[in-house]
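The values are calculated or read from the model by the stated rules, or taken from the named source; none is laboratory data. Please read these numbers as outputs of a predicted model, since none were measured by experiment. Virtual Cβ from ideal backbone geometry, glycine too; neighbours counted across all protein chains shown.
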Amino acid sequence: MTLTKYLNTITIFFLVALLTSCKENPKMNLLNEVLLPKPVSVKPTGSSFELTRNTKILIKGDSKKLLENGKYLANLLKPATGFNLEVQTTSKKAISNSIYLVITTQESNYGDEGYSLNITEKHIIIKANTAKGIFRGVQTLRQIFPSEIEAADYQNRKWFIASGEIYDYPQFTYRGAMLDVTRHFFKKEDVKKYIDMIAMYKLNVLHLHLSDDQGWRIEIKSWPNLTTYGGSTEVGGGKGGFYTQEDYKEIVKYAQQRYITVIPEIDMPGHTNAALVSYPELNCDGKATKLYTGMKVGFSTLCTNKEITYRFVNDVIRELSEITPGPYIHIGGDESHSTKIEDYIPFINRVQEIVIANKKKVIGWDEIVSAALKPATIVQYWGRPKNALKGVSKNAKIILSPSDRTYLDMKYDSVTKLGLKWAGYVDIDKAYNWNPSTLISGITKKDILGIESPLWTETVTNMKELELMIFPRIIGHAEIGWTPDSLRVWDDYKIRLQKHAKRLKIMKINFYPSSLIDWDEKKEKM
Ligand code: NGO
């Protein structure tokens, strides 16, 4: 090679290197990304950030929780990208090619779950007052990535995401999902999967319905027959099952790492056949009942006049409180059709005292309003507006679970195979198109703690069925709980949901293909 040729080659090499380094990131519009729940404010800046194998996740400050968030994010991004992103704590400002997670004390508007997300060509910054807020922001960031980010295996592609600024916080502090593990038992691993699914949409409560006529699902060491016998079956005669206290602690910890509070429910005085079958002394006539595998409700009751009943309740609440870090114990109280009202009222009054003595607050289904509610007791509305109003008149805060809007066990439409229909069909528009603050006349936003979507499992036997019943309705409920009513419009939601289906498919999450939405993406592009 002559010297000139040599110099030419070198010049070309440098020119190419220079051009590549100056290459602009593609222009992208943040407003085109599907975000569920919809954030309070999204401002696009028209450019993009590229995640590469050298992107660093930086944690500002020495917070163990924040470091966990960083690792969670790295793990989330790993399977599809193949990147082993480094997670480091730092005391400095964000450097180029980093995702910077920082707790700030300056933004009083964020509350404890709000966050801001700033994406530039150089870096991504998530700011919040708490690690909880950062976690919610991470869920938004996740949805800005292409859907393929959710793939369980390596995707050979580049990872650009739209630049811009998001500012966001929830409209309600309580955004829950309930899972009935009594009618059909769901293993600990399934519950963890459920937690991961609800965490994606920023829900923050998992209410576990742990006891009912068909099964007792939580180990109580001082009353062992509850699980060994009372937990041995389920609807349809399957073998049931239960969580040991260690299993339960594992579920609680898993939820905590996703900033989800577990609320355990022991349903009483009705819905108690599994207890009555395990201990004859809890029955008024001293005789044990039989295991029950049907779907009827309202036929069982604890004997409210016997002292042993309260010893039993106290032991159960005490053991459960010891392994429940969250502030609430749910005492059920629904459909006690076999308990006389004059027995029901003193029972609920006394059980509230037991819960309080164990340093927890009470939640109960709306029938509990006939009792004298303790100052911190919360009423979960599911059926009768009259009860919700009475709760408010007794100064209780309300959780809204209207059965004709939020019950995930209701059929979507006349062709849904699973589910019940006593509260009517609940298709995705019905599930989405309502405002908590105007649902019951006389109940306004200040009376409402939040909303919760219950999945009762009389007809739901496995995870695929569970997913079909909760998706996509639960996404709409998550948006109702999070996004201000003024920003929610069915026509806009419908399109976002339709686009989001691709992500669900990549995650192999089953969902109900309601005829209200045109799920066929190709058609949408035409
Ligand atoms: C009712 C009942 C549950 C059923 C459910 C079925 C409440 C609060 N109690 O809701 O036991 O499983 O309906 O939809």
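Numerical summary
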| quantity | calculated |
| --- | --- |
| Cβ-Cβ under 7 Å pairs, at least 6 apart or on other chains, region 53-68 side touching a residue at least 60 places away in the same chain (Cβ under 8 Å), far side assigned to a helix (DSSP H, G or I) and among the hydrophobic types (A, V, I, L, M, F, W, C) | SER63/ALA131; LYS65/ALA131; LEU66/ALA131; LEU66/ILE134 |
| Filter result for the condition that a residue is assigned to a helix (DSSP H, G or I), at pLDDT 95 or above and of a type outside the set (Val, Ile, Thr), over SER453, SER414, SER441, SER437 | SER437 |
| Residue list for region 397-408, filter: over 16 Å from the mean Cα position of the chain (by Cα) and part of a loop (DSSP other than H, G, I, E, B) | PRO402 |
| Residue within region 326-334 that is under 29 Å from SER232 (Cβ atoms), crowded, with 18+ Cβ neighbours inside 10 Å, of a type in the set (Gly, Ala, Ser) and touching a helix residue (DSSP H, G or I) at 6+ places or on another chain (Cβ under 6 Å) present | yes |
| Filter result (in a loop (DSSP other than H, G, I, E, B), touching a residue at least 60 places away in the same chain (Cβ under 8 Å) and not polar (S, T, N, Q)) within region 298-317 | PHE299 |
| Breaking point among (1) under 27 Å from the mean Cα position of the chain (by Cα); (2) within 16 Å of the ligand (Cβ to nearest atom); (3) not aromatic (Phe, Trp, Tyr), for SER336 | (1) |
| VAL426 under 24 Å from VAL489 (Cα atoms), in contact (Cβ under 8 Å) with a residue 24 or more places away in the chain, part of a loop (DSSP other than H, G, I, E, B) and not polar (S, T, N, Q) | yes |
| Which numbered condition TYR194 misses (of (1) over 29 Å from GLU467 (Cα atoms); (2) among the hydroxyl-bearing types (Ser, Thr, Tyr); (3) assigned to a helix (DSSP H, G or I)) | (1) |
| Criterion: in contact with a strand residue (DSSP E or B) (Cβ under 6 Å, 6 or more places away or on another chain) and away from the ligand (no atom under 11 Å from the Cβ) - qualifying residue of ILE363, ILE443, ILE428 | ILE363 |
| Evaluation of ARG405 against (1) among the basic types (Lys, Arg); (2) closer than 29 Å to GLU322 by Cβ; (3) crowded, with 23+ Cβ neighbours inside 10 Å (one fails), failing number | (2) |
| Given (1) surrounded by 16 or more Cβ atoms within 10 Å (Cβ to Cβ); (2) in a loop (DSSP other than H, G, I, E, B); (3) away from the ligand (no atom under 14 Å from the Cβ), number of the condition HIS271 does not satisfy | (3) |
| Residues being aliphatic (A, V, I, L, M), outside any loop (DSSP other than H, G, I, E, B) and more than 23 Å from SER403 (Cα to Cα) - total across region 349-391 | 5 |
| Failed condition for SER401, given (1) closer than 23 Å to SER441 by Cα; (2) away from the ligand (no atom under 11 Å from the Cβ) | (2) |
| Residue list for region 283-301, restricted to those being surrounded by 24 or more Cβ atoms within 10 Å (Cβ to Cβ) and in contact with a helix residue (DSSP H, G or I) (Cβ under 7 Å, 6 or more places away or on another chain) | SER300 |
| Residue tally, condition closer than 15 Å to GLN171 by Cβ and either among the hydrophobic types (A, V, I, L, M, F, W, C) or within 16 Å of the ligand (Cβ to nearest atom) (or both), over region 446-467 | 4 |
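Matching residues to (1) at pLDDT below 95; (2) among the β-branched types (Val, Ile, Thr); (3) more than 16 Å from the ligand (Cβ to nearest atom):
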| position | (1), (2), (3) |
| --- | --- |
| CYS303 | no, no, yes |
| LYS306 | no, no, yes |
| VAL313 | no, yes, yes |
| TYR344 | no, no, no |
| PHE347 | no, no, yes |
